[in-house]
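Working notes, structure below.
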Amino acid sequence: MTLENYAVIGHPISQSKSPLIHNRHFETVGRKAIYTSYDVLPGHLGAVLEAFQTLGLRGFNVTVPHKVDIIPFLDVVDEEALEIGAVNTVVNREGKWHGYNTDGKGYLNGLKAMTGSCLEQMRVLVIGAGGAARAVTTVLAKHGVKQLAITNRTPARAVDLKANLGRYINIDVLDQSSARRALSSFDLVINTTSLGMNGEDALPMEIENLKTNVYLSDLIYNPLETRWLQIGKSEAKAVQNGLAMFIEQAALAYEIWTEKRADRAFMARMIREEMEQNETDE
Ligand code: ATR
């Protein structure tokens, strides 16, 4: 049996945990496959896809800054990926590239594990309106929640998201001070901004006046606990970092590539241990 090849493309790429999670998972499930990372500069996607075709890659992940720009290079793009406007998973089916977005569904699966079935009844505030917010708001709008509000430093980007998702839900766009004043009305607050990444102290929003039993979700997983989650967890019913989404998007990508079920429990255990070990080492 030949060795299957998978990859991730992005720039920068050295920080990506995808090679680790996929290679260790391939090993555990006994799949003869290898997953490599490639640093690809903008403007080279066409050449990279041609090379991948020549080399017989079975599939690959796409990360920043290529998730949007990859779309015109693909033969078929899944409907939800088009709605989100970004592709993070590509599979080679008989020489044709099929693109998917597993970030959105990955986020929703991870979130449901925290909130259970009451998500539909929740009033949700999303902080941020970039690429990550787009995946999150699209799946929440399609899933259905009681209220969906977005606040962003640059309100025009939140207005764009509202327009794109108008057929699913009416989104409330709040400026930052209105969002702060209304904070006590939300059951779930999600940080999709980069504030708090790599131990930076800035908060995406002050933790004050939170609703009792609020859920807090931060898409960041490095550090495992941002200062925002650290402050919020004493008041919240539960908090969740970005690891759940990372694990789920990887599991869903594996399932698209192989049509086999991923071992999520292994992925979760392995990556948690790895991240905790890294934090202890630092
Ligand atoms: P990603 O794909 O990770 O979402 P992005 O598209 O660059 O990255 O979006 C980053 C998000 O973090 C945006 O909502 C951005 O706000 P703007 O739209 O106003 O740029 C938000 N963000 C980044 N740095 C920020 C800062 N210093 N203060 C407030 N918001 C910030």
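Please treat every number below as a calculation from the coordinates, not as lab data. None of these values were measured; they are calculated from a predicted model. Every residue, glycine among them, receives a Cβ derived from its backbone with ideal geometry; neighbour counts consider all protein chains shown.
Starting from the Cα-Cα distance between residue 278 and residue 121, subtract it from 0.36 nm times their residue separation and give me the gain in nm to one decimal.
Using 0.36 nm per residue and subtracting the Cα-Cα distance, I get 52.8 nm.
Using a simple spin-label model with points 7 Å from Cα along the Cα→Cβ vector, what separation in nm is obtained for residue 154 and residue 263?
4.4
Suppose the chain between residue 64 and residue 112 were pulled fully straight at 0.36 nm per residue; how much longer would it get relative to their current alpha carbon spacing?
Contour length minus the Cα-Cα distance gives 14.7 nm.
Compute the distance in nm between two label points, each set 7 Å from the Cα along the Cα-to-Cβ direction, one at residue 23 and one at residue 146.
Each label point is offset 7 Å from its Cα along the Cβ direction, giving 4.7 nm.
Give the distance, in whole Å, between the Cα centre of segment 182-212 and the Cα centre of segment 20-71.
Centre-to-centre (Cα) distance: 33 Å.
Please state, as a whole number in µm²/s, the translational diffusion coefficient that the Stokes-Einstein equation yields for segment 104-241 at 25 °C and 0.890 mPa s, with Rh defined as the Kirkwood radius across alpha carbon pairs.
Working: Rh = 14.7 Å.
Taking Rh from Cα pairs, D becomes 167 µm²/s.
As I understand it, the value is the acute angle between the Cα axis of helix 102-115 and the longest principal axis of the Cα atoms of the chain; what does it come to in degrees, rounded to 10?
50
About the Cα centre of the chain, what is the dipole size in debye to 20, counting +1 per Lys and Arg Cβ and -1 per Asp and Glu Cβ, all else neutral?
Working: 29 positive and 34 negative charges, 141 e Å.
I would put it at about 680 debye.
Helix 18-29 sits at what angle to the longest principal axis of the chain, using alpha carbons and giving 0 to 90 degrees rounded to 10?
That works out to roughly 60 degrees.
Please work out the ratio of the alpha-carbon Rg of the chain to 2.2 N^0.38 Å and round it to two decimals.
On the way: Rg = 18.9 Å, N = 282, 2.2 N^0.38 = 18.8 Å.
Cα-based Rg divided by the globular estimate yields 1.01.
Which residue fluctuates most in the GNM of the chain (Cα springs below 10 Å): 233, 67, 32?
32
Check residue 220: other-chain or 5+ apart residues with amide H under 5 Å from its amide H, H built from backbone geometry?
242
Starting with the highest mean, order 176-184, 131-139 by the number of other Cβ atoms within 10 Å, averaged over the residues of each peptide.
Result, highest mean first: 131-139, 176-184.
Could you pull out the pairs from 142/211; 17/67; 17/146 whose alpha carbons sit more than 28 Å apart here?
Pairs exceeding 28 Å: 17/146.
For segment 237-277, place one equal point scatterer on every Cα, skip the solvent, and apply the Debye formula. What is log10 of I(q)/I(0) at q = 0.18, 0.24, 0.34 Å⁻¹?
For segment 237-277, the Cα-only Debye profile gives -0.54, -0.81, -1.13.
Using only the Cα atoms of segment 1-83, construct the convex hull and provide its projected area averaged over every direction, in square nanometres to one decimal.
For the Cα atoms of segment 1-83, the hull's average projected area reads 6.1 nm².
What do you get for Rg/Rh over segment 129-183 if you use C-alpha atoms and the Kirkwood form of Rh?
Reported Rg/Rh (Cα atoms, Kirkwood Rh): 0.94.
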